[in-house]
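The values are calculated or read from the model by the stated rules, or taken from the named source; none is laboratory data. Fair warning: this is a prediction, and the values are worked out from it, not measured in the lab. FYI the Cβ positions are ideal-geometry reconstructions off the backbone, even for glycines, and counts take in every protein chain you see.
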Amino acid sequence: MDNNPATNNTAATVNSLKVAVVGTGYVGMGTAVMLAYLGHQVVGIDIDQNKVDMLSRGELPIYEPGLEDLLIESKDRLRWTTDYSTAIPGADVIFICVGTPPLPSGQPNLNYVAEAARSVAKNLNGKLQVVVNKSTVPVGTGDWVSRIIEDNALDYASGQYVVVSNPEFLREGTALQDSLYPDRIVLGSNSPEGIARLEQLYAPLLQQTFTAPSIAPRPETYGLPQLVKTSLSSAEMIKYAANAFLALKISFANEVAGLCECVDADIEQVTRGIGFDQRIGHRFLSAGAGWGGSCFGKDTAALISTGSEYGYSMPILRAAVEVNQRQRHLIINKLQRHLRRLQGKKVAVLGLAFKPNTDDLRDAPAHDCIHRLTELGAEVVVHDPVAMPHARGQWAHLKYQEAESAEAAMQGADAVIVMTEWDDYRHMDWDKALSGMRRRLIIDSRNILATVPENTTIEQIGRVHAAQPSTVGAGALT
Ligand code: NAD
């Protein structure tokens, strides 16, 4: 339902622009679908033919709630291709949304951005076109992209394109809500024309004049997004600083959680208590297995590495990274506390994705957990509601068995570790699932269980439970 009285236009009534989106991964796909839904004519370009074929058939190559519905609803304004020459010349706005994965140095690999910029440059039309960097790139990359375009544009009068930085803040799992109802839109450029064109592009979002889709209703309390206009370099820095701050918040909660365990306080009560302070807030203040995903690790490393380039140390961020690494070891330590040697023990791991509602496995804590468990000789059985097919390809180097349900994974296991806080695990019949285990031992690394099932030993993060005998099953320590 559309709750905003200011909203009476339909998507089709906007001042439509022609848009090309380069890179149709988590960000590019969401951006393309959202802009088409708002009424623009959009072409998504990717070098991955398989992805392009799937999208052209109206299928999503990733799991993202609601996005497939919007893709189908907006299909008349959407096209997908691998061919730059059919997409770039006609575009008023060109988004670069390719990946920027981390290099061993901590700096992001900018080869994909460079390749995309070269391909864009070769297909520019000589009129004013706005190239928008949506990939997360180090400060200064916008200028570098301009140089690449200048060096590679064919038969092109310099100065007729402009580069704008428009960092993306969507979260996987809630991409639709985040894209349609953002807190802010950041536009960084030294070109007023570039900013003006993007204001035109985003007008339906900035004024919230589109009809909210039924799968992503406008939140009742939502007003209008803030438009933040900055220099190119400030926009690039805003993205890194935002992610670094969120990462800090999580690490802070984890550091306090460790002390809670020492003094017998409960981190859930503590974060609840401090989060009501509006200067602090509850979000991203969760203790657990630590952050993962494609952004926080990569972006904190990139910021630290940029600091080093200038001889500038960032001790707060370094500490946040260290705390995050410690959390991953902590889970195995908690398991060892009860099982001692893990050689030959069967351990069920629930959740592979780095967070719920996504199938993204990048930098997922479950990866390190499974790796360490097998290194220590444990037999690992895993379950995840959506990420297992991706893991077959991406985690082929890990040794584990798949189970078709959480209960099946726990059958005969010496312990179960909750790695991802899927609602499925929160709401499952724990008593029933535990009854099939060799030993009723839960390592709940996401604190999803509010109460301790009977006759069960549980370890959580930042809260101490009175020791309970694990009497069920043949659970003697061996
Ligand atoms: P992704 O790996 O899911 O997608 C990147 C896509 O780019 C792939 O489909 C790949 O095939 C394509 N590609 C690579 N080179 C190409 C080229 N030369 N031409 C056309 N396509 C090409 O990446 P992602 O998660 O969407 O992230 C993209 C950027 O957005 C990164 O910089 C990331 O840090 C940033 N970001 C990601 C998120 C997130 O939640 N995933 C959120 C905010 C910002």
- Collect the residues in region 316-370 that are on the phi > 0 side of the Ramachandran plot and touching a helix residue (DSSP H, G or I) at 6+ places or on another chain (Cβ under 8 Å), keeping them in residue-number order. GLY351, ASP363
- All but one of (1) more than 16 Å from the ligand (Cβ to nearest atom); (2) buried (at least 22 other Cβ atoms within 10 Å of the Cβ); (3) of a type in the set (Val, Ile, Thr) hold for THR300, so report the exception by its number. (1)
- Message: Within region 434-448, does at least one residue satisfy the condition of being surrounded by fewer than 24 Cβ atoms within 10 Å (Cβ to Cβ) and β-branched (Val, Ile, Thr)?
- Response: yes
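Rundown of residues vs (1) part of a loop (DSSP other than H, G, I, E, B); (2) more than 13 Å from the ligand (Cβ to nearest atom); (3) in contact with a Ser or Thr (Cβ under 7 Å, 6 or more places away or on another chain); (4) at pLDDT 95 or above, yes/no style:
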| site | (1), (2), (3), (4) |
| --- | --- |
| VAL186 | no, no, yes, yes |
| GLU199 | no, yes, no, yes |
| PRO217 | yes, yes, no, yes |
| TYR222 | yes, yes, no, yes |
| LYS229 | no, yes, no, yes |
| MET237 | no, yes, no, yes |
| ALA241 | no, yes, no, yes |
- Task: For VAL120, state whether it is within 11 Å of the ligand (Cβ to nearest atom), among the aliphatic types (A, V, I, L, M) and closer than 27 Å to LYS355 by Cα.
- Result: no
- So ALA212 clears everything in (1) part of a helix (DSSP H, G or I); (2) farther than 30 Å from SER305 by Cβ except one condition, right? Which one? (1)
- Could you figure out which of (1) within 11 Å of the ligand (Cβ to nearest atom); (2) more than 20 Å from ILE238 (Cβ to Cβ); (3) in contact with a Pro (Cβ under 6 Å, 6 or more places away or on another chain); (4) polar (S, T, N, Q) isn't true of THR81? (3)
- Task: Return the only residue of SER470, SER445 being of a type in the set (Gly, Ala, Ser) and at pLDDT 95 or above.
- Result: SER445
- Query: Is it true that some residue in region 64-76 is over 17 Å from ARG147 (Cα atoms), of a type in the set (S, T, N, Q) and within 13 Å of the ligand (Cβ to nearest atom)?
  - Reply: no
- Message: What are the pairs with Cβ atoms under 6 angstrom where one residue, in region 294-323, is farther than 24 Å from PHE354 by Cβ and the other, located anywhere, is away from the ligand (no atom under 16 Å from the Cβ) and not in a helix (DSSP H, G or I)? Sequence gap at least six, or different chains.
- Response: GLY307/MET314
- Item | Residues satisfying the stated conditions in region 320-370, i.e. in a helix (DSSP H, G or I) and either surrounded by fewer than 16 Cβ atoms within 10 Å (Cβ to Cβ) or within 16 Å of the ligand (Cβ to nearest atom) (or both) | GLU322, GLN325, ARG326, HIS329, ASN333, GLN336, ARG337
- Message: Looking only at residues that are part of a loop (DSSP other than H, G, I, E, B) and away from the ligand (no atom under 16 Å from the Cβ) in region 154-180, which one is modelled with the highest pLDDT?
- Response: GLN160
- Hits in region 37-63 (condition: closer than 25 Å to ALA121 by Cβ and either within 12 Å of the ligand (Cβ to nearest atom) or among the small types (Gly, Ala, Ser) (or both)): VAL43, GLY44, ILE45, ASP46, ILE47, ASP48, GLN49, LYS51, VAL52, LEU55
- Message: Let me confirm something: among VAL93, VAL137, which residue is assigned by TED's automatic domain parsing to the domain that holds GLN160, closer than 21 Å to ASN190 by Cα and at pLDDT below 95?
- Response: VAL137
- Note on the structure: Considering region 134-153, residues that are in contact (Cβ under 8 Å) with a residue 60 or more places away in the chain and outside any loop (DSSP other than H, G, I, E, B), and then whichever is surrounded by the most Cβ atoms within 10 Å (Cβ to Cβ), we arrive at THR141
- So is ASN111 farther than 27 Å from THR306 by Cα and either touching a residue at least 24 places away in the same chain (Cβ under 8 Å) or out of contact with any Leu (no Cβ under 6 Å at 6 or more places or on another chain) (or both) or not? no
